[in-house]
Amino acid sequence: MKFFFLFLCLCNARADAPTPASLLQSSDRARGAALELKGLTWTSEVQSSENGNRTDITYVVRVLGNDALAEVKDPPRQKGEAVLFNDRTLWFYKPGLKKPVNISPRQKLIGQAANGDIASTQYARDYEATSAGEDTVNGKKAWKLELKAKAKNVTYDKIRYWISKEDRVALKAEFLTLGGETFKIAEFLHGNFIRIKGTSYPFVSEMKIRDAIHSGNITTITYKNPKEEAHRPGLFNVSSLTK
């Protein structure tokens, strides 16, 4: 009888545990992939400290479905620069170029941040996720996932990902080489909120990325004023960058 009761409890616990795919969908929403909205806009302030040198740049990010546009707002000398995300295809443009240039999401954007880090996260689309047990991150209980890229044109090959049990948002990520070595570590805060169909959801407020070897090399992305905003699809056409 005791064995049957224990077996029943274990079965119920497994049934109640979310799938890795559903955890990614929830954590993606908190990082800009709010596919239910007509569009989403926020400001990203990027501050990088690299080998003693500091760089600051501010982007206005607009998202519609799987597309995104990140335009430089500051500093003035870089105004007009933009990164366009057409699904998994990325384009870079700056004044003086005859036409936008196709770029990789893995290329360095600024400091420890890659191009693919600046816009919305689509891990549920881009990665196969498997459960790696449970853990605690900064005192918060979390599910730990192992992510493996489904395609070559994504930002990272492999990721260890910790998702909060309390509100299903990302707490930490370790970005890995194909050989499984950690080369960057990111931690997240969620002090913002967005509303979807009348319900308030947490939204990322900070992503801090540090070099796994040179810990003093840190890039912090601060997310401000996320809001639903309808965007016309033509805004995300590559030809619109030169207009």
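The values are calculated or read from the model by the stated rules, or taken from the named source; none is laboratory data. Model, not experiment: these values are computed from the prediction. Every residue, glycine as well, gets a Cβ built from its backbone with ideal geometry; the counts of neighbours run over all protein chains shown. What goes into the accessible areas is simple: the full protein's heavy atoms, side chains included, and nothing from ligands, DNA or RNA. Shrake-Rupley method; radii C 1.70, N 1.55, O 1.52, S 1.80 Å.
Identify all residues within segment 73-86 that are touching a helix residue (DSSP H, G or I) at 6+ places or on another chain (Cβ under 9 Å) and surrounded by fewer than 17 Cβ atoms within 10 Å (Cβ to Cβ); write none if there are none.
The answer is 86, and nothing else.
Got at least one residue in segment 23-38 being of a type in the set (Ser, Thr, Tyr), under 20 Å from residue 231 (Cα atoms) and surrounded by fewer than 22 Cβ atoms within 10 Å (Cβ to Cβ)?
For segment 23-38, residues of a type in the set (Ser, Thr, Tyr), under 20 Å from residue 231 (Cα atoms) and surrounded by fewer than 22 Cβ atoms within 10 Å (Cβ to Cβ): absent.
Filter segment 153-204 down to the residues that are under 16 Å from residue 122 (Cα atoms), touching a residue at least 40 places away in the same chain (Cβ under 8 Å) and not in a strand (DSSP E or B) and list them by number.
Of everything in segment 153-204, those that are under 16 Å from residue 122 (Cα atoms), touching a residue at least 40 places away in the same chain (Cβ under 8 Å) and not in a strand (DSSP E or B) turn out to be 153, 154, 155, 156, 168, 169, 204.
Inspect all residues belonging to segment 183-194 and state whether any of them is farther than 18 Å from residue 118 by Cα, of a type in the set (A, V, I, L, M) and out of contact with any Leu (no Cβ under 8 Å at 6 or more places or on another chain).
Looking for residues that are farther than 18 Å from residue 118 by Cα, of a type in the set (A, V, I, L, M) and out of contact with any Leu (no Cβ under 8 Å at 6 or more places or on another chain), one finds none in segment 183-194, hence no.
Please state which one of 124, 70 is crowded, with 17+ Cβ neighbours inside 10 Å and under 21 Å from residue 158 (Cα atoms).
Exactly one residue qualifies, and that residue is 124.
Identify, please: which residue in segment 186-198 is open to solvent by less than 20 Å² (accessible area, probe 1.4 Å) and not small (Gly, Ala, Ser) and is, among those, farthest from the chain's Cα centre (by Cα)?
196
Does segment 152-162 contain any residue that is surrounded by 18 or more Cβ atoms within 10 Å (Cβ to Cβ), touching a Ser or Thr at 6+ places or on another chain (Cβ under 6 Å), at pLDDT 95 or above and hydrophobic (A, V, I, L, M, F, W, C)?
The answer is no; no qualifying residue exists.
Could you check segment 36-52 and list, in sequence order, the residues that are part of a loop (DSSP other than H, G, I, E, B), farther than 16 Å from residue 121 by Cβ, modelled with pLDDT of 90 or more and not basic (Lys, Arg)?
39
Could you count how many residues in segment 39-65 are hydroxyl-bearing (Ser, Thr, Tyr), open to solvent by 30 Å² or more (accessible area, probe 1.4 Å) and either at positive phi or touching a residue at least 60 places away in the same chain (Cβ under 8 Å) (or both)?
So the answer is 1.
In segment 163-182, how many residues are closer than 22 Å to residue 106 by Cβ and in contact with a Leu (Cβ under 8 Å, 6 or more places away or on another chain)?
Total satisfying the criteria: 1.
Of the conditions (1) under 23 Å from residue 224 (Cα atoms); (2) within 18 Å of the chain's Cα centre (by Cα); (3) in contact (Cβ under 8 Å) with a residue 12 or more places away in the chain, residue 106 fails just one. Which one is it?
The one condition residue 106 does not meet is (1).
Does residue 149 meet the test of being in contact with an Asp or Glu (Cβ under 6 Å, 6 or more places away or on another chain) and more than 18 Å from residue 66 (Cβ to Cβ)? So that I can check it myself, show each step before the final result.
Working: in contact with an Asp or Glu (Cβ under 6 Å, 6 or more places away or on another chain): yes; more than 18 Å from residue 66 (Cβ to Cβ): no.
Considered against the rule, which asks whether it is in contact with an Asp or Glu (Cβ under 6 Å, 6 or more places away or on another chain) and more than 18 Å from residue 66 (Cβ to Cβ), residue 149 comes out as no.
Closer than 28 Å to residue 216 by Cα and surrounded by fewer than 18 Cβ atoms within 10 Å (Cβ to Cβ): is that true of residue 101 in this structure?
No.
How about segment 205-236: which of its residues are out of contact with any strand residue (DSSP E or B) (no Cβ under 6 Å at 6 or more places or on another chain), assigned to a loop (DSSP other than H, G, I, E, B) and surrounded by 14 or more Cβ atoms within 10 Å (Cβ to Cβ)?
Passing the criteria: none in range.
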